[in-house]
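To keep things clear, I will list the structure first and then write my remarks on it.
The values are calculated or read from the model by the stated rules, or taken from the named source; none is laboratory data. Predicted model, so just to flag it, every value in this text is computed and none were measured. Cβ coordinates were reconstructed from backbone atoms using ideal geometry, including for glycine residues, and neighbour counts include every protein chain displayed.
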Amino acid sequence: MRIVVDKNIPLATAAFEGLGDVVLVDTTEFSCNAVKDADILVIRSETTVDRRLLEGSRVKFVGTATIGTDHIDTSYLETQGIGFASAPGCNANSVKEYVLAALLALGARKGFSLAGRTLGVVGVGNIGSRVVRMAADLGMTVLQNDPPLFRETRNPRFVPLDDLMRADIITLHVPLTRTGTDATYRLFDRSRIAAMKRGSILINTARGGVVDTGALKSVLASGDLAAAVLDVWDGEPSIDVDLLSHVSLGTSHIAGYSLDGKVNAVKTVREAVCRFLANESAWDPASELPPPQPAKILLHSGGTTDEILRTAVRKCYDIELDDHNLRGLLDVPFETRGSYFMKLRTSYRVRREFFNTRAEVPAGLESLRKTIVSVGFK
């Protein structure tokens, strides 16, 4: 059994070597020739899997170590009898932590506290539901929009998208779909963005195509929106640098790039491959992961809850470093911007999730202890 795996997937060899002969291929080198002799293909979101890639190959199973599947022609796989698996929810906690880091960073820049603010969450699945719980624990008022879940449950907590337009901050957590009742392509188009509350903030960690790039640039230039945080971009890896210059925080599609999230995805895909092969072997990557940096944080009582929380979060995940690194794109020649963006992703630093780190809180600060625990720290 020949298993061709993207070499930028962490622990790729260790995960799959007991199931067949593992061949590692760089993300940029996937081609018909690279996969023609593969029985199993394991890729990331940068690789488009369709007829053009697979025709004439012997691929019988495709796994993507991602939550999204818009890079996979699943209809083609089905017609060819090719098995498929993705990793829904694998990086949900990582994205939640990214959103928290963004909120705290913007709060510091713009002088607002999270408690009492209204957050609109569009898409309340694996990621959105975690963001909802976190925001509520932080004292935010949360508005939830998810039409499919509303139709399924009739739960009145799911409100129409129009109701979210009064929110101080809107965060997007939907898949990119172009057809059907709930198509999300350009869900936030010119009219939708114009309807947002003046001075509000838009966060997009879903897919670039969910937001109209031109409309967002216009509204940011006019000052009608106070800020935008973008982790995803139309046309990746060749992104709109003019839009980058307008957003408050911009990152290179790494919101879900914690090491823990990546390894969760590898485990999920490996389990699917094992089922496909009727192989019951187990794999525990825990001993192969590096220790968290830092392993412990000492918190002090001085400052507001947001300030103390911001200190703790930044020690584990510095979103402003990712923003700084992406802005380096503005200084490179046009023809190398795509490769620069890709390199930020493929060579991304090790980032562990908060649950790996112990936070020591001064005695008597019970409310702070609850807050620290609620966002994920030990």
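Here are a few things to note about the model shown:
- Filtered residue count, region 197-224, keeping only those that are buried (at least 23 other Cβ atoms within 10 Å of the Cβ) and more than 24 Å from Lys343 (Cβ to Cβ): 6
- Residues within region 153-162 that are farther than 16 Å from Ala135 by Cβ and touching a strand residue (DSSP E or B) at 6+ places or on another chain (Cβ under 8 Å), tallied: 2
- Residues in region 108-161 that are in a strand (DSSP E or B) and either in contact (Cβ under 8 Å) with a residue 60 or more places away in the chain or loosely packed, with under 15 Cβ neighbours inside 10 Å (or both): 2 in all.
- Of all the listed residues (Thr179, Thr184), the sole one being modelled with pLDDT under 95 and either surrounded by 15 or more Cβ atoms within 10 Å (Cβ to Cβ) or of a type outside the set (Lys, Arg) (or both) is Thr179.
- If only residues of region 336-356 that are among the aliphatic types (A, V, I, L, M) and more than 13 Å from Gly256 (Cα to Cα) are counted, the one that is surrounded by the fewest Cβ atoms within 10 Å (Cβ to Cβ) is Met342.
- Candidate set from region 73-88 (those that are more than 17 Å from Val266 (Cα to Cα) and touching a Phe, Trp or Tyr at 6+ places or on another chain (Cβ under 7 Å)); member that is surrounded by the fewest Cβ atoms within 10 Å (Cβ to Cβ): Thr74
- Filtering region 8-23 to residues that are surrounded by 15 or more Cβ atoms within 10 Å (Cβ to Cβ) and either closer than 24 Å to Asp260 by Cβ or among the aromatic types (Phe, Trp, Tyr) (or both) leaves Asn8, Ile9, Pro10, Leu11, Ala12, Ala15, Phe16, Leu19, Val22.
This table checks each residue for (1) in contact with a Lys or Arg (Cβ under 9 Å, 6 or more places away or on another chain); (2) farther than 25 Å from Asn126 by Cα; (3) of a type outside the set (S, T, N, Q); (4) touching a residue at least 12 places away in the same chain (Cβ under 8 Å).
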| residue | (1), (2), (3), (4) |
| --- | --- |
| Phe16 | yes, yes, yes, yes |
| Val22 | yes, yes, yes, yes |
| Ser57 | yes, yes, no, yes |
| Gly83 | yes, no, yes, yes |
| Gly89 | no, no, yes, yes |
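- Restricting the first member to region 364-378 and to residues that are closer than 12 Å to Leu309 by Cβ, and the second to residues that are hydroxyl-bearing (Ser, Thr, Tyr) and not in a loop (DSSP other than H, G, I, E, B), the beta-carbon pairs closer than 8 Å and six or more apart or on different chains are Ser367/Thr305; Leu368/Thr305; Thr371/Thr305.
- Within region 27-38, if we keep just the residues that are in a loop (DSSP other than H, G, I, E, B) and surrounded by 20 or more Cβ atoms within 10 Å (Cβ to Cβ), the residue that is nearest to the chain's Cα centre (by Cα) turns out to be Phe30.
- Of residues in region 327-355 being aliphatic (A, V, I, L, M), part of a helix (DSSP H, G or I) and over 16 Å from the mean Cα position of the chain (by Cα), the one farthest from Asn264 (Cα to Cα): Leu330
- There is no residue in region 297-305 that is surrounded by fewer than 19 Cβ atoms within 10 Å (Cβ to Cβ) and under 22 Å from the mean Cα position of the chain (by Cα).
- Candidates are the residues of region 46-71 that are of a type in the set (Gly, Ala, Ser), in contact with a helix residue (DSSP H, G or I) (Cβ under 9 Å, 6 or more places away or on another chain) and surrounded by fewer than 23 Cβ atoms within 10 Å (Cβ to Cβ); the one that is farthest from Ala14 (Cα to Cα) is Gly56.
- Sole residue being more than 24 Å from Glu46 (Cα to Cα), of a type in the set (S, T, N, Q) and in contact (Cβ under 8 Å) with a residue 24 or more places away in the chain, chosen from Thr213, Thr181: Thr181
- Only listed residue being assigned to a helix (DSSP H, G or I) and over 20 Å from Glu320 (Cα atoms), chosen from Leu220, Leu176, Leu216: Leu216
- Within region 251-282, restricting attention to residues that are under 25 Å from the mean Cα position of the chain (by Cα) and over 30 Å from Ile239 (Cβ atoms), the residue that is surrounded by the fewest Cβ atoms within 10 Å (Cβ to Cβ) is Glu271.
- Scanning region 214-228 for residues that are over 16 Å from Ile201 (Cβ atoms) and within 23 Å of the chain's Cα centre (by Cα) turns up just one, Gly214.
- Residue tally, condition closer than 20 Å to Lys262 by Cβ, β-branched (Val, Ile, Thr) and part of a loop (DSSP other than H, G, I, E, B), over region 282-326: 0
- Boolean, Arg352 is over 26 Å from Asp234 (Cβ atoms) and among the basic types (Lys, Arg): yes
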